[in-house]
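The values are calculated or read from the model by the stated rules, or taken from the named source; none is laboratory data. The structure presented is a predicted model; accordingly, all values stated were derived computationally and were not measured. Here the Cβ is made from the backbone with ideal geometry for all residues, glycine too, and neighbour counts use every protein chain on show.
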Amino acid sequence: MTDFKRVFVDTSPIIYYLENSALYRDKIKHFFEMCLDNNIEIVTSTITVEEYLVFPYASGRMEFADNFKRFIAYMNIQVIEIDCEIAEQAAKIRGKFKHFKAMDSLQIAAAKVSKCDMFFTNDKQLKQEKELPCMTMDDL
């Protein structure tokens, strides 16, 4: 499972990890520990920041926002800004996979542009994009 050195982590694995999901708790904990132990770089994008922080701001549960920010810092996760190059790559992805959502296409494009060699998500349909290996939580 460590045949990658730079992994893009989509929003859902982070949500499941920080919310201590009973279904995925052990798998995701092991994944993040493995990344730390093997010096695997973890990358995400500003889309993950936006998607994760909706709940804390909507509910007023700011401890979730604080936990998220501490997690990003502790894991030394690089947060990629969405720029024109990523937007254009996302448009190409959506042109090829018309049923992909804009946010998913932007996440995959951010992973490609930032030279990740693995995309970690819980959205099985994203495995259709074959240029970047994709792993789901069920693959762990």
Anything in region 91-108 that is under 15 Å from the mean Cα position of the chain (by Cα) and surrounded by 18 or more Cβ atoms within 10 Å (Cβ to Cβ)? List them, or say none.
Asp104, Ser105, Leu106, Gln107, Ile108
Just one of Ile108, Ile86 is of a type in the set (Val, Ile, Thr) and farther than 27 Å from Glu33 by Cα; which is it?
Ile86
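Can you tell which of Ser21, Ser105 is assigned to a helix (DSSP H, G or I) and polar (S, T, N, Q)?
Numbers: Ser21 fails: assigned to a helix (DSSP H, G or I).
Sole residue among the options that is assigned to a helix (DSSP H, G or I) and polar (S, T, N, Q): Ser105.
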Give all pairs with beta carbons closer than 9 Å in which a residue from region 24-53 that is under 28 Å from Ala87 (Cβ atoms) and touching a residue at least 60 places away in the same chain (Cβ under 8 Å) meets a residue that is acidic (Asp, Glu) and surrounded by fewer than 18 Cβ atoms within 10 Å (Cβ to Cβ); count only pairs at least 6 apart in sequence or on separate chains.
Ser45/Glu81
Just checking, how many residues over region 64-82 are in contact with a helix residue (DSSP H, G or I) (Cβ under 8 Å, 6 or more places away or on another chain) and over 23 Å from Asn38 (Cβ atoms)?
6
List every residue pair whose Cβ atoms sit under 7 Å apart, with the two residues 6 or more apart in sequence or on different chains, where the first one lies in region 81-94 and is under 15 Å from Glu131 (Cβ atoms) and the second, anywhere, is polar (S, T, N, Q).
Ala90/Ser105; Ile93/Ser105; Arg94/Ser105
Looking only at region 1-53, filter to residues that are modelled with pLDDT under 95 and basic (Lys, Arg); which one of those is nearest to Met75 (Cα to Cα)?
Lys29
Residues that are outside any loop (DSSP other than H, G, I, E, B) and surrounded by 15 or more Cβ atoms within 10 Å (Cβ to Cβ), drawn from region 68-77
Phe68, Phe71, Ile72
Starting from residues that are surrounded by 18 or more Cβ atoms within 10 Å (Cβ to Cβ) and more than 21 Å from Glu50 (Cβ to Cβ), keep the ones in region 109-131 and report whichever is farthest from the chain's Cα centre (by Cα).
Glu129
With at pLDDT 95 or above and under 13 Å from Phe8 (Cβ atoms) as the only criterion, which of Ala111, Ala87 stands out?
Ala111
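Within the group Ile86, Ile82, which residue is of a type outside the set (Ser, Thr, Tyr) and buried (at least 22 other Cβ atoms within 10 Å of the Cβ)?
Details: Ile82 fails: buried (at least 22 other Cβ atoms within 10 Å of the Cβ).
That would be Ile86, the only listed residue that is of a type outside the set (Ser, Thr, Tyr) and buried (at least 22 other Cβ atoms within 10 Å of the Cβ).
Identify, from the list Pro56, Pro13, the residue that is in contact (Cβ under 8 Å) with a residue 40 or more places away in the chain, assigned to a helix (DSSP H, G or I) and either surrounded by fewer than 14 Cβ atoms within 10 Å (Cβ to Cβ) or of a type outside the set (A, V, I, L, M, F, W, C) (or both). Can you show your working first?
Working: Pro56 fails: in contact (Cβ under 8 Å) with a residue 40 or more places away in the chain.
Result of the check over Pro56, Pro13: Pro13.
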